[in-house]
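**Student:** Please read through the structure below; I'll follow up with questions.
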């Protein structure tokens, strides 16, 4: 699901670069913020998984 989302973001950025207007620039900035947010979510879930694995190992 994240991969498909990433492709959509890349496609949107490409269209935005071809047709640069002030509203397009604003949407590219929003896309950048969205990508940062997605990356943050991914890193947090990765960290949680790591912590969960450590907890499982300690329990056994």
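The values are calculated or read from the model by the stated rules, or taken from the named source; none is laboratory data. Model, not experiment: these values are computed from the prediction. Note that each Cβ is placed from the backbone with ideal geometry, even for glycine, and that neighbours are counted across all protein chains shown.
**Student:** Any idea which of 16, 55 is in a helix (DSSP H, G or I) and either out of contact with any helix residue (DSSP H, G or I) (no Cβ under 6 Å at 6 or more places or on another chain) or modelled with pLDDT of 80 or more (or both)? Reasoning before the result, please.
**Tutor:** Values: 16 fails: either out of contact with any helix residue (DSSP H, G or I) (no Cβ under 6 Å at 6 or more places or on another chain) or modelled with pLDDT of 80 or more (or both).
Answer to the selection: 55.
**Student:** Within the set of pairs 6+ apart or on separate chains, which have a first residue in segment 30-58 that is without any contact (Cβ under 8 Å) to a residue 24 or more places away in the chain, a second that is surrounded by 10 or more Cβ atoms within 10 Å (Cβ to Cβ) and assigned to a helix (DSSP H, G or I), and C-beta atoms under 7 Å apart?
**Tutor:** Here the result reads 31/9; 31/12; 31/13, each pair linking segment 30-58 to a residue that is surrounded by 10 or more Cβ atoms within 10 Å (Cβ to Cβ) and assigned to a helix (DSSP H, G or I).
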